[in-house]
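The values are calculated or read from the model by the stated rules, or taken from the named source; none is laboratory data. Since we're looking at a predicted model, the values are computed, not measured. Cβ placement follows ideal geometry from the backbone for every residue including glycine, while neighbour counts extend to all protein chains displayed.
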Amino acid sequence: MIRETSAASKIFDLILIILLVAISLLCILPIWYTLMVSLSQKSAAAAGIVSVWPIGFNLNSYMQIMKDAVFFNSFWVSIQRVVLGASLSFVVTVFMAYPLSKSTKEFRLRNVLMWILVFMMLFSGGLIPLYQTVKAYGLIDSVWVLVLSGGLPMFNVILVLNFFRNLPKELEESAFVDGAGPWYTLIKLIIPLSVPVLATVTLFSIVSHWNEFFSGLVFMTKPDNYPLQTYIQQMVVQMDLTTINNDPETLKRLNELSNQTLNAAKIFIAMIPILVIYPFLQRFFVHGITLGSVKE
């Protein structure tokens, strides 16, 4: 009986491993395909015959990107947006989640404020009032409009406050007995114990700010102020055609380039920062989102 159970367990583990490998390949293949298209020739990309390996391997698309000042300016705008936006969201989320994690005996208006915030999460004032408000504050064409428009992620607040409520109350009570105040308790006790959920919501904020493009279309009037994803969405290949007759090399590069290969190169470069950051925060993800998704 024990041997049969052990054999069944091994078979189940094998099936599970095969399933997980298949899912991993499904996640990796689109990224790999984008890279292969960016390294292929114009004709192969246009014909759609690029698959696992590049056809007519070349780096022309990446060489063209190196000369695109607007692309790197948009990249820098997105970096500023992620750093400022994730930092602001972290501070606002923690400072809002901590009092909301208390009971109504400790914070009488807790339920009222919670219902107001949930209502604001479900319903908005509309795009036109938002644009008028942003314009009135003089934030058009400013990186701060990209940061402040998503400064209070209510879903993240709910995750964090539920995580705070799952922490043992005895720890906070002991800190108060020892003379610690609310600020000291939050910074020195609660936050260090909440690294999993804080890493999870930080990852959410980073990905959200990096991938969002619509705000750039609405609030930016100059292409130089576009974040990277807005730039990619509005992608236009700009080449100096006046030099073609005088420079045969430029004509050769123009013939080898296509929108598909160049766009694929830009999309792949845009994915690199998230691909680099994600592994460092992934180990906190499951633990943080699981403990922060109950009780409320």
If I ask for residues that are more than 18 Å from the chain's Cα centre (by Cα) and either free of Cβ contacts under 8 Å to residues at least 12 places away in the same chain or outside any helix (DSSP H, G or I) (or both), which ones from the range 189-235 would you list? P192, S194, M220, T221, K222, Q234, M235
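Residue-by-condition table, conditions (1) within 23 Å of G216 (Cα to Cα); (2) surrounded by fewer than 18 Cβ atoms within 10 Å (Cβ to Cβ):
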{"residue": "M36", "(1), (2)": "no, no"}
{"residue": "V77", "(1), (2)": "yes, no"}
{"residue": "V91", "(1), (2)": "no, yes"}
{"residue": "V94", "(1), (2)": "no, no"}
Those residues that are buried (at least 20 other Cβ atoms within 10 Å of the Cβ) and not β-branched (V, I, T), I need them from the range 45-63; list them, please. A45, N60, S61
If you check L171, L127, L167, which single one turns out to be exposed (fewer than 15 other Cβ atoms within 10 Å of the Cβ) and over 30 Å from F213 (Cα atoms)? L171
With (1) free of Cβ contacts under 8 Å to residues at least 24 places away in the same chain; (2) within 29 Å of V276 (Cα to Cα) as the list, and G126 as the residue in question, which single condition is left unmet? (2)
Can you name the number of the only condition in (1) part of a loop (DSSP other than H, G, I, E, B); (2) within 30 Å of M154 (Cβ to Cβ) that A86 fails? (1)
Across the range 174-183, which residue is surrounded by the fewest Cβ atoms within 10 Å (Cβ to Cβ) among those that are at pLDDT below 85 and assigned to a helix (DSSP H, G or I)? V177
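For every residue, the table says whether it meets (1) touching a residue at least 40 places away in the same chain (Cβ under 8 Å); (2) part of a loop (DSSP other than H, G, I, E, B); (3) not polar (S, T, N, Q).
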{"site": "I23", "(1), (2), (3)": "no, no, yes"}
{"site": "C27", "(1), (2), (3)": "no, no, yes"}
{"site": "W32", "(1), (2), (3)": "no, no, yes"}
{"site": "L35", "(1), (2), (3)": "yes, no, yes"}
{"site": "A44", "(1), (2), (3)": "no, no, yes"}
{"site": "N58", "(1), (2), (3)": "yes, yes, no"}
{"site": "Q64", "(1), (2), (3)": "yes, no, no"}
{"site": "E106", "(1), (2), (3)": "no, yes, yes"}
Taking the range 178-199 and keeping residues hydroxyl-bearing (S, T, Y) and under 16 Å from N166 (Cα atoms) leaves T185, S194
Would a scan of the range 136-143 turn up a residue that is assigned to a loop (DSSP other than H, G, I, E, B), at pLDDT 85 or above, surrounded by 11 or more Cβ atoms within 10 Å (Cβ to Cβ) and in contact with a Ser or Thr (Cβ under 8 Å, 6 or more places away or on another chain)? yes
